[in-house]
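The values are calculated or read from the model by the stated rules, or taken from the named source; none is laboratory data. These figures come from a predicted structure and were not determined experimentally. Glycine also receives a Cβ, built like all others from the backbone with ideal geometry; neighbour counts cover every protein chain displayed. These accessible areas exclude ligands, DNA and RNA; they are computed on the full protein's heavy atoms, side chains included. Shrake-Rupley method; radii C 1.70, N 1.55, O 1.52, S 1.80 Å.
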Amino acid sequence: MDIIKYKNLFAPLHLAGTLFRNRIFAAPTGHSSQSGSAFFYGRRAMGGAASVCTGELAVDAKYGRGLTTRPTIDEVRISLSKMTNVVSGYGAVPTAELFHAGMYANRDVKTPGMAYGPVACEIDGRIVEEMPEDIIEYTISKYAEAAMTAKKCGFGSILVHAGHGWLLQQFMSPLINTRNDKWGGRDIENRARLTVAVCDAIRKAIGPVIPIEVRISGSERYEGGYDIDEGIAFAKQLEGHADLIHVSAGNHEVSEVFTVTHPRMFLGDGPNVYLAAEIKKHVKTPVATVGALGEPDMLEDIIASGKADVVEMSRSLIADPDLPNKIRTGNVTAINMCLRCLSCFSHEVTVGEKYCAINPEMGRIGEAPLFEQKAKTKKKVCIAGGGIGGMQAALSCAEYGHEVILVEKSGALGGAVLCERNVPFKRKMGIYIDTQKTKLKQAGVEILLNTPFTPALADKLQPDVIIAAVGSHQARPYIDGIDGDNVFSAEHAFMHTKDIGNSVAILGAGLVGLELALYLSMLGKKASVIEITDKISDDGNFMHTEGLKIELKNHGVNLFFNTVAEKIDSQGVLCTGPEGTMNVAAETVIYATGRVPLQEVALALNYSAPEFYMLGDCVRPSDITAATAAAYETAKNISR
């Protein structure tokens, strides 16, 4: 009897003699120098992915490295060998992503190093040389050498990165590659020649039974860049040379499409699937799709309908490495659906680790083994506050084997973010809260709603541990007119949009204020944002902010920086800005000027249990990533 609902998704796949256990591949994920890489990649193999790919591995230290912090494959052979051992041990095929930066190589050295591109040009004041024939042949050989190194390290598949603006896409691009020889010009065969030659050299080096996957941008998705017709033409050139055509989108050097390549939360699920579907109509080679994928029904439909043969995902498997196994076993309500907040990407760029907003295990995998841990001593843990941090603390403590009681003063779990549940681009946040509630129930956590956590309650419950996660309240600025009937907090505005007029002035250009401005503009209201400083306050998540700025521009939201709100009246806000005094007309004024921690509420419980901890906004208002991390680490500390 068949018991698997998603039969197409879990149909095995053979590529070049290699068996992949299903159609879910863990896509390339940044660079491969992060600590605990064997654990990071092994965790996704453990979760059921059929292929687990590294991040970008440069094939040439001299001319191919994008940044000095990015490794060549030769420089990380030992860690890669450990990674392949772990990944293979969990039944997945380890895949090495090989790339060459081309004209973007050696950009961050003190004296800019040599860089070669399809043609001579100048980038940021640096001269890029046209790649001559001998360097082209040298580069092809470096790909082959890198692939051979990958094979020796235990990789069972090779991914050639020929998209996103790197060398091979530079040669493929009709805009960039205007050479007059066999390596360029109008003829797609000439522009694709380098990628084809690389694939053939790799095949000769590694033999016939290791698949070669080629990642391309099916469309560059920006004005002036090439579109799907060129993507199709490129894919057709790869027939007989690649075993899997991996269709992505965009060019990393064009800022407005970065969050198309890595789809932002403002785009729908699978916004780039159509590119793979169109290319698949024109080639016999199996095709993979990537970008904002994770919904089980959608994944199954992509395979079943023939849009693609493989679904690849990166951030979804950071948010929940067990996603494939949960889909296969029918436990889909327990999947941590990626919020597409780009916290992982922002942290990787700034601190070198992929910290996930909703999966605190990420970035910390190397600190603990991949098997379940239990506390040395079972304790009774009471948690004050059922927001994001409180829920994660309850879940993590329960996973360690403690008896857990979660106490929430309101009638619902979720905390401050509940006000955003009706916001279309925050839909995944609502799903996340519901998923956490499901997990808490499955873990046997006792939940007390409509119950303030007081010292008297603590006397009754007699906990061994109290964790205070009571949150914060919205800061109210001291401005003349702030008590007006037309003035609301951001929290109120999110939940009661019918109270908001057709024109709105929002005080504060943090993420809350800007997301509210976008939401209200999507509802047809004219929004302006007034900010006292000279920039957006992104709380460290600059990648999300880049996508948000694009949406704000598209929706006509006005941003006033270096502007002080002096007085509010029924007509709007009187301000002082760079040009002097000005009026921002608005029927409604909303303040989004930060939050104040409820420290006194938390500290009232300080002496009510032998162990006492505080976490989340009641310590210092921050973001979801910080709250879940603190909850995870606190549970670990309690369980020592």
Tally, over the stretch 406-430, of residues that are touching a helix residue (DSSP H, G or I) at 6+ places or on another chain (Cβ under 8 Å) and in a loop (DSSP other than H, G, I, E, B): 7
Thr593 in contact with a Pro (Cβ under 7 Å, 6 or more places away or on another chain) and either of a type outside the set (Lys, Arg) or free of Cβ contacts under 8 Å to residues at least 60 places away in the same chain (or both): yes
Filtered residue count, the stretch 248-302, keeping only those that are in contact with a His (Cβ under 7 Å, 6 or more places away or on another chain) and among the polar types (S, T, N, Q): 3
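Quick grid of which residues meet (1) part of a loop (DSSP other than H, G, I, E, B); (2) in contact with a Leu (Cβ under 9 Å, 6 or more places away or on another chain); (3) modelled with pLDDT under 90:
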{"position": "Val349", "(1), (2), (3)": "no, no, yes"}
{"position": "Ile358", "(1), (2), (3)": "yes, yes, no"}
{"position": "Gly363", "(1), (2), (3)": "yes, no, yes"}
{"position": "Pro369", "(1), (2), (3)": "yes, no, yes"}
{"position": "Val404", "(1), (2), (3)": "no, yes, no"}
Test result for Ile500, open to solvent by less than 30 Å² (accessible area, probe 1.4 Å), within 30 Å of Leu552 (Cβ to Cβ), under 29 Å from the mean Cα position of the chain (by Cα) and among the hydrophobic types (A, V, I, L, M, F, W, C): no
Flag for Lys439 being basic (Lys, Arg), assigned to a loop (DSSP other than H, G, I, E, B) and closer than 21 Å to Ala627 by Cα: no
Residue within the stretch 614-635 that is touching a strand residue (DSSP E or B) at 6+ places or on another chain (Cβ under 8 Å), assigned to a strand (DSSP E or B) and farther than 24 Å from Ser346 by Cα present: yes
Filter pass, Thr84 being more than 17 Å from Phe40 (Cα to Cα) and either in contact with a helix residue (DSSP H, G or I) (Cβ under 9 Å, 6 or more places away or on another chain) or not hydroxyl-bearing (Ser, Thr, Tyr) (or both): no
Test: His282 is within 20 Å of Phe39 (Cα to Cα) and open to solvent by 30 Å² or more (accessible area, probe 1.4 Å): no
Verdict on Ala609 being in contact (Cβ under 8 Å) with a residue 40 or more places away in the chain, touching a strand residue (DSSP E or B) at 6+ places or on another chain (Cβ under 7 Å) and either part of a helix (DSSP H, G or I) or of a type in the set (Gly, Ala, Ser) (or both): yes
Filter result (surrounded by fewer than 16 Cβ atoms within 10 Å (Cβ to Cβ) and of a type outside the set (Val, Ile, Thr)) within the stretch 201-218: Lys204, Gly207, Pro208
Any chance Ala115 is closer than 28 Å to Ile212 by Cα, at pLDDT 95 or above and of a type in the set (Gly, Ala, Ser): no
Top-ranked residue of the stretch 61-89 - restricted to ones that are of a type in the set (Lys, Arg) and within 26 Å of the chain's Cα centre (by Cα), ranked as least open to solvent (accessible area, probe 1.4 Å): Arg65
Among the residues listed as Arg107, Arg126, Arg186, the single one being touching a residue at least 24 places away in the same chain (Cβ under 8 Å) and surrounded by fewer than 21 Cβ atoms within 10 Å (Cβ to Cβ): Arg107
Residue match in the stretch 247-256 (condition: open to solvent by less than 30 Å² (accessible area, probe 1.4 Å) and farther than 25 Å from Val52 by Cα): yes
Options Glu446, Glu408, Glu403; residue that is over 29 Å from the mean Cα position of the chain (by Cα), open to solvent by less than 30 Å² (accessible area, probe 1.4 Å) and not hydrophobic (A, V, I, L, M, F, W, C): Glu408
Any hit, the stretch 497-508, residues being within 28 Å of Gln599 (Cα to Cα) and in contact with a Leu (Cβ under 8 Å, 6 or more places away or on another chain): yes
Helices (runs of 4 or more DSSP H) (entirely within the stretch 211-295) containing at least 3 residues that are within 25 Å of the chain's Cα centre (by Cα) and of a type in the set (Val, Ile, Thr): 255-261
Meets criteria (of a type in the set (S, T, N, Q), closer than 14 Å to Trp166 by Cβ and outside any loop (DSSP other than H, G, I, E, B)) for Thr139: yes
Residue under evaluation Leu418, criteria (1) at pLDDT below 95; (2) open to solvent by less than 20 Å² (accessible area, probe 1.4 Å), criterion not met: (2)
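Looking only at the stretch 19-30, which residues are touching a Pro at 6+ places or on another chain (Cβ under 8 Å) and either at pLDDT below 95 or open to solvent by 20 Å² or more (accessible area, probe 1.4 Å) (or both)?
We begin by selecting, within the stretch 19-30, every residue touching a Pro at 6+ places or on another chain (Cβ under 8 Å); these are 19-22, 24.
Scanning the stretch 19-30 gives Leu19, Arg21.
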Failed item, numbered, when Ile433 is tested on (1) in contact with a Gly (Cβ under 6 Å, 6 or more places away or on another chain); (2) open to solvent by 30 Å² or more (accessible area, probe 1.4 Å); (3) part of a helix (DSSP H, G or I): (2)
All strands (runs of 3 or more DSSP E) inside the stretch 520-584 with 3 or more residues being open to solvent by 20 Å² or more (accessible area, probe 1.4 Å), modelled with pLDDT of 95 or more and touching a strand residue (DSSP E or B) at 6+ places or on another chain (Cβ under 8 Å): 558-560, 564-569
Whichever residue in the stretch 151-210 is in a helix (DSSP H, G or I) and small (Gly, Ala, Ser) and, among such residues, is farthest from Ser248 (Cα to Cα): Ala205
Number of the exception - Asp243 against (1) farther than 22 Å from Ile550 by Cβ; (2) in contact with a Leu (Cβ under 7 Å, 6 or more places away or on another chain); (3) open to solvent by less than 10 Å² (accessible area, probe 1.4 Å): (3)
Single unsatisfied condition, Arg107 versus (1) modelled with pLDDT under 90; (2) assigned to a helix (DSSP H, G or I): (2)
Total residues in the stretch 129-179, condition among the polar types (S, T, N, Q) and open to solvent by less than 10 Å² (accessible area, probe 1.4 Å): 6
Matching residues, the stretch 593-617, being open to solvent by less than 70 Å² (accessible area, probe 1.4 Å) and closer than 22 Å to Lys380 by Cα: Ala602, Ala604, Leu605, Asn606, Ser608, Ala609, Glu611, Phe612, Tyr613, Met614, Leu615, Gly616
Any hit, the stretch 287-310, residues being open to solvent by 10 Å² or more (accessible area, probe 1.4 Å), charged (D, E, K, R) and under 19 Å from Thr54 (Cα atoms): no
